[in-house]
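Read through the structure below, which is laid out as structure tokens, and then see the notes.
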Amino acid sequence: MEVVLGVSFGYEPNDEVKRILLGLRDMVNFRIDCAYRKRITSYAKLRRGVYQDWKKRWEYSTHFCHLASKMAYPH
């Protein structure tokens, strides 16, 4: 059995935080879908393979593009 210590606290995300988190979820799902359809099997190919499509769809910093790729292909 593992003992984990934690502190509980209340947190109410504001509308901006919710928008970003929902957007990130959509970005990761977009990446997973693209990887599946294009049969991409590596993080680097995934990142490069759909970057232009990603830029057309979202106006976030490119950091989110790379983050979504890592979340979609964590190896």
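Here M1 meets the list (1) loosely packed, with under 12 Cβ neighbours inside 10 Å; (2) in contact with a helix residue (DSSP H, G or I) (Cβ under 6 Å, 6 or more places away or on another chain); (3) aliphatic (A, V, I, L, M) almost entirely, failing just condition (2).
When region 4-52 is filtered for residues that are exposed (fewer than 12 other Cβ atoms within 10 Å of the Cβ), on the phi < 0 side of the Ramachandran plot and of a type in the set (D, E, K, R), the ones remaining, listed by number, are E12, D15, E16, K18, R19, R37.
Rule-based calculations on the coordinates, nothing more; no lab input. Treat the numbers as computed from the prediction; the structure is a model and nothing was measured. Cβ: placed from backbone, ideal geometry, glycine included. Neighbour counts: every protein chain shown.
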